[in-house]
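Below you will find the structure I want to go over with you.
The values are calculated or read from the model by the stated rules, or taken from the named source; none is laboratory data. Just so it is clear, the structure is predicted and the values come from calculations on it, not from any experiment. No Cβ is skipped: glycine too gets one built from the backbone with ideal geometry, and neighbour counts run over all protein chains shown.
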């Protein structure tokens with residue numbers, strides 16, 4: 001999706017419509033600000049949290065966890081893919097395990113994760129790794145299977161080693177699958193992270209954006225709560241549209257590999 | 001024509017979104033308008049939220065014995081188990097709850113933000129304790145910034161008690177705020193006892209007993225020491241405006257009497273009641289007896305410590321509304337008689 | 001005409017898929033600078049033979065020799081071009097595709113050679129274009145350029161122009177003949193099209209649908225060729241007759 005002036009205008013109009021409906025609804029039905037705070041007080045809360053650096057600080061922490069989780073998860077998925085490529089039995093076993101674990105929400109693992117990994121940063125990273133690993137592995141495997149037989153013949157004709165083939169041909173040929181997997185991985189890990197931070201709290205000074213939401217909730221700062229939700233939405237869609245948009249434009253769109 | 005469909009989808013999306021918002025608004029309006037609750041909930045239903053823990057035992061007895069239903073013929077009593085005070089608060093704001101039980105500080109935070117809810121009874125005093133598995137930690141002073149302290153959530157009674165102790169000992173109520181870990185009691189106990197990174201846990205019964213019974217644990221701070229006296233652990237709170245009319249008053253009176261009956265049954269160690277509670281908390285009857293025999297676990301409708309909590313939480317900056325007056329926070333005795 | 005030294009020869013190749021005997025013991029050879037077309041109906045085993053000749057498939061019996069030396073492993077000196085247009089990589093530009101084998105091989109002037117070869121196939125203007133921006137015919141030109149840039153001594157081509165529009169096919173055929181004349185490769189060209197074989201080949205080897213070689217024809221027509229010339233027509237007719245026979249039935 002490209003960010004054109006038109007799509008920007010549309011986005012602004014949608015925002016405006018939401019604001020009008022929100023404020024209009026508040027006025028017409030005389031809604032308590034504890035339930036629906038005014039747009040201005042939400043924005044001023046957001047401004048305060050931005051100015052104090054708190055939101056950025058918590059976001060940075062959240063992103064460091066996601067980065068670590070996606071890094072480890074991706075590394076493990078590649079490793080599992082390589083192992084699966086060596087042995088059919090291993091690939092089948094992994095397929096079965098993946099079908100069992102893939103649908104399991106990371107947050108459901110929290111009690112076990114606490115038992116095994118304690119309650120530090122590690123626990124949240126483990127939950128993110130879980131959210132990232134299975135969709136990525138599933139997509140990598142599908143991508144690997146989809147590599148054209150012709151490429152294999154070309155690779156052998158050019159006397160390429162398995163490693164060279166994997167890096168120079170199989171990897172770029174799989175980019176659409178890798179990106180699709182990363183998109184799912186990002187969406188799942190962003191959700192898992194925020195749930196984990198909200199339940200878990202991590203450590204107050206470094207609680208991430210989920211902790212930010214949680215503290216607004218327990219201290220009943222509804223405007224702050226909505227400000228936090230706004231940030232979660234904006235960051236989510238920013239990564240989705242800007243980061244993934246950029247990567248896709250410079251790879252699969254450019255290569256005509258986007259289906 | 002790859003652009004056509006997204007366009008249409010987005011237009012549809014705006015429409016659906018507007019619809020959702022509109023519906024949400026109408027729903028909220030019903031919840032919020034002051035005279036609405038009686039219209040919203042049929043007269044025959046009262047919705048009560050409790051939490052899990054030994055301190056809620058009289059409620060459990062009222063529920064399982066049908067004591068309240070017996071006193072309110074024609075009224076359906078809906079019992080709801082919620083995980084924390086925030087959930088109770090939100091359910092009340094949404095107009096989905098009439099009565100909830102919680103610690104005093106979360107109640108005060110709501111009142112501070114303008115919720116016109118009121119305490120109508122005390123439920124229990126209970127032994128709370130900050131328990132550690134680290135033999136090197138013998139007192140609060142031994143806790144270094146690397147140590148992690150688990151408690152239910154910021155703004156909980158455990159958090160405020162810790163702040164009070166820390167204010168008294170170190171002149172800084174926020175000294176431990178950057179090493180708090182928000183965990184539900186069962187998770188916190190697991191983490192503490194399995195050595196999973198929790199140095200200390202501010203526990204309530206039954207977890208406080210279970211943790212102290214485990215090897216190598218010790219209490220470094222009791223709730224009573226922290227507070228500097230006796231205080232009510234759990235209070236009953238009526239949702240805003242509930243109790244202003246005769247129907248609400250009748251419900252609260254009936255609940256008060258039912259609770260008194262339940263407390264008496266527990267006090268007498270009624271064998272059926274004890275067996276029921278043992279089943280509820282998943283411990284042998286003998287163990288439950290020992291829990292109940294703890295002299296600090298007292299079921300009483302008296303409300304103690306509300307004023308002191310109001311004072312210190314204002315001092316610590318958790319409450320900012322200067323207009324909070326004790327008499328506005330409690331439903332007066334006459335109302336309930 | 002055929003060189004006396006045989007650049008590529010396959011001897012008594014036998015290949016089975018399960019119980020199905022695909023190649024019953026096939027022999028043929030290609031001399032240096034010679035284009036040999038292997039002509040046969042679809043599914044007769046000619047593609048299998050091409051892959052075996054490139055050592056991309058192992059025969060059950062028989063040997064493959066390059067310049068008289070037996071070979072069993074594939075190498076870039078016997079460069080294979082496929083029918084599939086995805087044989088060039090969508091994530092590389094035309095130039096990137098052409099230089100890919102050169103860089104793997106460590107050819108120092110890979111860039112210059114890549115551009116030079118693209119010019120030879122008439123695609124220098126499209127050097128920085130990605131395959132999805134090219135027509136099917138242009139893509140097969142890139143595949144040709146990628147092969148010729150490596151200067152292999154043998155080219156094995158498996159119906160490389162079958163997926164291209166008929167109007168473009170003539171151009172590609174002429175291009176191939178010109179490139180072979182300039183670079184003197186031995187070419188084994190698999191096709192099921194009689195006209196194509198007549199336009200291209202010095203020699204046509206006919207394979208019947210049971211995988212056996214049933215005939216061999218030299219093509220006595222001067223280049224540039226016209227398959228519709230009297231000689232060409234007669235040859236075409238003979239080839240048609242031969243392909244229509246079903247010796248196995």
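Check C:134, C:118 and return the single one that is outside the structural domain of residue C:187 (by TED's automatic domain parsing) and within 19 Å of residue A:254 (Cβ to Cβ). Working first, answer last.
Working: C:118 fails: within 19 Å of residue A:254 (Cβ to Cβ).
Just a single option satisfies the conditions, and that option is C:134.
Give the residue that is surrounded by the most Cβ atoms within 10 Å (Cβ to Cβ), with candidates limited to residues of region A:35-50 that are farther than 20 Å from residue A:235 by Cα and within 14 Å of chain B (Cβ to nearest Cβ). First the steps, then the outcome.
From region A:35-50, those farther than 20 Å from residue A:235 by Cα are A:35-38, A:40-41; that's our starting set.
Okay, now just the ones that are also within 14 Å of chain B (Cβ to nearest Cβ), so A:35-38, A:41.
Values: A:35: 17, A:36: 21, A:37: 23, A:38: 16, A:41: 15.
It comes out as A:37.
Within region C:125-146, can you find the residues that are more than 25 Å from residue C:39 (Cβ to Cβ) and within 12 Å of chain A (Cβ to nearest Cβ)?
Listed by number, the residues that qualify are C:128, C:129, C:130, C:131, C:132, C:133, C:134, C:146.
This table checks each residue for (1) under 28 Å from residue C:65 (Cβ atoms); (2) without any contact (Cβ under 8 Å) to a residue 40 or more places away in the chain.
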{"residue": "C:140", "(1), (2)": "no, no"}
{"residue": "C:172", "(1), (2)": "no, yes"}
{"residue": "C:194", "(1), (2)": "no, no"}
{"residue": "C:204", "(1), (2)": "yes, no"}
{"residue": "C:221", "(1), (2)": "no, yes"}
{"residue": "C:226", "(1), (2)": "no, yes"}
{"residue": "C:233", "(1), (2)": "no, yes"}
{"residue": "C:237", "(1), (2)": "no, yes"}
{"residue": "C:244", "(1), (2)": "no, yes"}
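Here is a check on your reading of the model: is residue C:70 in the same structural domain as residue C:32 (by TED's automatic domain parsing) and more than 24 Å from residue A:255 (Cβ to Cβ)?
yes
Given the residues A:246, A:219, A:212, A:226, which is the only one that is without any contact (Cβ under 8 Å) to a residue 12 or more places away in the chain, more than 27 Å from residue A:92 (Cβ to Cβ) and crowded, with 16+ Cβ neighbours inside 10 Å?
Details: A:246 fails: crowded, with 16+ Cβ neighbours inside 10 Å; A:212 fails: without any contact (Cβ under 8 Å) to a residue 12 or more places away in the chain; A:226 fails: without any contact (Cβ under 8 Å) to a residue 12 or more places away in the chain.
Being without any contact (Cβ under 8 Å) to a residue 12 or more places away in the chain, more than 27 Å from residue A:92 (Cβ to Cβ) and crowded, with 16+ Cβ neighbours inside 10 Å holds for just one of A:246, A:219, A:212, A:226, which is A:219.
While we're on this one: It is to be established whether one or more residues within region A:51-59 are surrounded by 13 or more Cβ atoms within 10 Å (Cβ to Cβ), part of a loop (DSSP other than H, G, I, E, B) and within 14 Å of chain B (Cβ to nearest Cβ).
No, region A:51-59 contains no residue that is surrounded by 13 or more Cβ atoms within 10 Å (Cβ to Cβ), part of a loop (DSSP other than H, G, I, E, B) and within 14 Å of chain B (Cβ to nearest Cβ).
Out of contact with any helix residue (DSSP H, G or I) (no Cβ under 7 Å at 6 or more places or on another chain), crowded, with 17+ Cβ neighbours inside 10 Å and within 14 Å of chain A (Cβ to nearest Cβ) - does that describe any residue in region B:202-215?
Restricting attention to region B:202-215, the residues satisfying the condition of being out of contact with any helix residue (DSSP H, G or I) (no Cβ under 7 Å at 6 or more places or on another chain) are B:208, B:212-213, B:215.
Among the residues that remain, those that are also crowded, with 17+ Cβ neighbours inside 10 Å are: B:208.
Among the residues that remain, those that are also within 14 Å of chain A (Cβ to nearest Cβ) are: none.
Looking for residues that are out of contact with any helix residue (DSSP H, G or I) (no Cβ under 7 Å at 6 or more places or on another chain), crowded, with 17+ Cβ neighbours inside 10 Å and within 14 Å of chain A (Cβ to nearest Cβ), one finds none in region B:202-215, hence no.
Is at least one residue of region B:48-57 within 14 Å of chain A (Cβ to nearest Cβ) and within 29 Å of residue A:121 (Cβ to Cβ)? I'd like the intermediate steps shown before the answer.
Filtering region B:48-57 down to residues within 14 Å of chain A (Cβ to nearest Cβ) leaves none.
No: region B:48-57 contains no residue that is within 14 Å of chain A (Cβ to nearest Cβ) and within 29 Å of residue A:121 (Cβ to Cβ).
Before we move on, is residue B:248 part of a helix (DSSP H, G or I) and within 30 Å of residue B:98 (Cα to Cα)?
Working: part of a helix (DSSP H, G or I): yes; within 30 Å of residue B:98 (Cα to Cα): yes.
So residue B:248 passes the test.
Turning to a different aspect of this structure: Is there a residue being at pLDDT below 95, farther than 24 Å from residue A:169 by Cα and touching a helix residue (DSSP H, G or I) at 6+ places or on another chain (Cβ under 6 Å) anywhere in region C:106-121?
There is at least one residue in region C:106-121 that is at pLDDT below 95, farther than 24 Å from residue A:169 by Cα and touching a helix residue (DSSP H, G or I) at 6+ places or on another chain (Cβ under 6 Å).
Going by the structure shown, is residue C:125 in contact with a strand residue (DSSP E or B) (Cβ under 8 Å, 6 or more places away or on another chain) and assigned to a helix (DSSP H, G or I)?
Numbers: in contact with a strand residue (DSSP E or B) (Cβ under 8 Å, 6 or more places away or on another chain): no; assigned to a helix (DSSP H, G or I): yes.
No; evaluated as a whole, the condition is false for this residue.
In this structure, does residue B:246 turn out to be surrounded by fewer than 21 Cβ atoms within 10 Å (Cβ to Cβ) and more than 14 Å from chain A (Cβ to nearest Cβ)? Before the answer, list the steps.
Details: surrounded by fewer than 21 Cβ atoms within 10 Å (Cβ to Cβ): yes; more than 14 Å from chain A (Cβ to nearest Cβ): yes.
Taking the combined requirement at face value, the residue satisfies it.
In region A:102-125, what residues are surrounded by fewer than 19 Cβ atoms within 10 Å (Cβ to Cβ) and either in a loop (DSSP other than H, G, I, E, B) or at pLDDT 90 or above (or both)?
Selection gives A:102, A:103, A:104, A:105, A:118, A:120.
Something else now. So, residue B:95, is that one within 14 Å of chain A (Cβ to nearest Cβ), more than 22 Å from residue B:153 (Cα to Cα) and at pLDDT below 95 or not?
Values: within 14 Å of chain A (Cβ to nearest Cβ): yes; more than 22 Å from residue B:153 (Cα to Cα): yes; at pLDDT below 95: yes.
Taking the combined requirement at face value, the residue satisfies it.
Can you tell me which residue is surrounded by the most Cβ atoms within 10 Å (Cβ to Cβ) among those in region B:184-197 that are more than 7 Å from every other protein chain (Cβ to nearest Cβ) and closer than 17 Å to residue B:53 by Cα? Break it down into steps so the answer makes sense when it comes.
In the first step, residues of region B:184-197 are kept if they are more than 7 Å from every other protein chain (Cβ to nearest Cβ); the result is B:184-186, B:188-189, B:192-193, B:195.
Those still in the list that are closer than 17 Å to residue B:53 by Cα too: B:184-186, B:188-189.
Numbers: B:184: 17, B:185: 24, B:186: 12, B:188: 27, B:189: 22.
Among them, the one singled out is B:188.
So, in region C:220-241, how many residues would count as being surrounded by 11 or more Cβ atoms within 10 Å (Cβ to Cβ), part of a helix (DSSP H, G or I) and either touching a helix residue (DSSP H, G or I) at 6+ places or on another chain (Cβ under 8 Å) or not assigned by TED's automatic domain parsing to the domain that holds residue C:173 (or both)?
Of the residues in region C:220-241, 4 are surrounded by 11 or more Cβ atoms within 10 Å (Cβ to Cβ), part of a helix (DSSP H, G or I) and either touching a helix residue (DSSP H, G or I) at 6+ places or on another chain (Cβ under 8 Å) or not assigned by TED's automatic domain parsing to the domain that holds residue C:173 (or both).
Now for a different question. Scan region C:89-106 and tell me whether some residue there is under 21 Å from the mean Cα position of the chain (by Cα) and free of Cβ contacts under 8 Å to residues at least 40 places away in the same chain. Explain how you work it out, then say what you get.
Step one: list which residues in region C:89-106 are under 21 Å from the mean Cα position of the chain (by Cα), which gives C:89, C:94, C:97-102.
Filter once more, keeping what is free of Cβ contacts under 8 Å to residues at least 40 places away in the same chain: none.
No.
Sticking with this structure for a sec: Could you tell me whether region C:147-170 includes any residue that is touching a residue at least 40 places away in the same chain (Cβ under 8 Å), outside any loop (DSSP other than H, G, I, E, B), within 14 Å of another protein chain (Cβ to nearest Cβ) and over 23 Å from residue C:32 (Cβ atoms)?
Scanning region C:147-170, I find no residue that is touching a residue at least 40 places away in the same chain (Cβ under 8 Å), outside any loop (DSSP other than H, G, I, E, B), within 14 Å of another protein chain (Cβ to nearest Cβ) and over 23 Å from residue C:32 (Cβ atoms), so the answer is no.
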